[in-house]
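Just so it is clear, none of the values below were taken in a lab; they were calculated from the coordinates. Values in this document were obtained by computation on a predicted structure and should not be read as measured data. We place every Cβ from the backbone using ideal geometry, glycine too, and count neighbours over all the protein chains shown.
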Amino acid sequence: MKLNILGCYSATPRTFTNPTSQVLELRNHLFLIDCGEGTQVQLRKNRVKFSRIKHIFISHLHGDHYFGLVGLISTFRLLKREADLHIYGPKGLKDVITLQMKLSDSWTNYNLYFHELTSKDSELIFEDDKVEVHTIPLQHRVYTNGFLFKEKEGERKLDMAAVLNADIDVAYYRKLKQGFDVENKKGIVIKNESVTLPPSPPKSYAFCSDTAYDEAKIPIIKDVDVLYHESTFLEKNENLCEPTKHSSAKQAATIAKKANVGTLILGHYSTRYDDINLFKEEAQTIFKNVELADDGKVFEF
Ligand SMILES: [Zn+2]
Ligand SMILES: [Zn+2]
């Protein structure tokens, strides 16, 4: 699981900071999460292959989370993309994007599918044989979802030395990975556990931005390996959290602690602060395992 932060600052794009966007690489998928202004430039700077993006998840319709989307869709068209593109986001997103395409008479030559979200409860919105994506309803000034990405239990791994020693035909390797007992070349039944190893534990990532402090999401994100939680403010400006429906670093850490997550990544910093290390220091008074997102930073878990 690899997370590439393209942008993680709130409000307007600046010379050296970008609004929210990130790429999550999970079991060969490249999921784009939010698409603030400048995302396609950040994708280029971070050498992310455009053609590998097949699914885009938009948390909400504040500009710092999706103003880059129509530009990216348009660039895909100019690059003569052929692969389908699936976009998951709040109801209304399809209207906003298609109006712009209609007025400029620039429809895509690839299939564009909008999956509009309206539910106030967590729902499964994407699934294949390797991963699942669920929404995480968040409390913000407009309808907002975070997203929970979960690997499914993988296949068992071959213990090659044991497999060769047991004299099993290559044709049975697939069955072994699926957990079956097989016969060896002499017709003797070989117990699966004697020649395979358990799969690596499935990984999970929760993206929660933007949101006020809200414990309702804790059951959904419980025990995730990595939680990205917004921390727009420091505690000294906590009076701004409630009216703007944002969180402080301390509140993000409290959610991380109560949800028993592995690692907390902070982001969506207000640009009023000169030093983002202050967010980490504040969060660590509550929860130890804290990382700071920053534009261009890559996390591997
Ligand atoms: Zn925002
Ligand atoms: Zn917002």
How high is the FRET efficiency from Glu300 to Thr75, r the C-beta distance, R0 25 Å, rounded to 0.05?
0.35
If you bin the C-alpha pair distances of the stretch 136-181 every 10 Å from 0, what whole percents do you get?
21, 30, 12, 13, 14, 9, 1
Could you tell me the relative contact order of the stretch 126-270? Use alpha-carbon pairs under 8 Å, at least six residues apart, and round to a whole percent.
22 percent
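Using the Kirkwood formula over every pair of different C-alpha atoms, what hydrodynamic radius in Å results for the stretch 157-197?
Here the Kirkwood hydrodynamic radius works out to 9.6 Å.
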Highest average packing first - 140-150, 39-49, Cβ atoms within 10 Å:
140-150, 39-49
Simple spin-label estimate for Asn192/Arg52, 7 Å along Cα→Cβ, in nm, reads 3.1 nm
Tell me the relative contact order for the chain as a rounded percent, counting alpha carbon contacts under 8 Å between residues six or more apart.
16 percent
For the stretch 202-301, fraction of C-alpha pairs farther apart than 16 Å, in %
49 percent
How high is the relative contact order of the stretch 157-197, in percent, counting Cα pairs under 8 Å that sit 6 or more residues apart?
48 percent
Between Asn184 and Gln139, what is the label-point separation in nm under the 7 Å Cα-to-beta-carbon projection?
6.2 nm
For the peptides 28-35, 246-253, what is the packing order when you average, over each peptide's residues, the other Cβ atoms within 10 Å and list the highest mean first?
246-253, 28-35
log10 I(q)/I(0) for the chain, Debye formula on C-alpha points only (no solvent), q = 0.07, 0.09, 0.10 Å⁻¹, two decimals, reads -0.32, -0.50, -0.60
Using DSSP, restrict attention to beta bridges with both residues in the chain and report what percent are antiparallel, rounded to the nearest 5.
55 percent
If you take all C-alpha pairs in the stretch 22-119, what percent of them are over 22 Å apart?
22 percent
Expressed in nanometres to one decimal, the distance between label points 7 Å along Cα→Cβ at Ala162 and Asn237 is 5.6 nm
Under 13 Å between C-alpha atoms is the cut-off here; go through the stretch 157-197 and count lysine pairs that meet it, provided they're at least eight residues apart or on different chains.
4
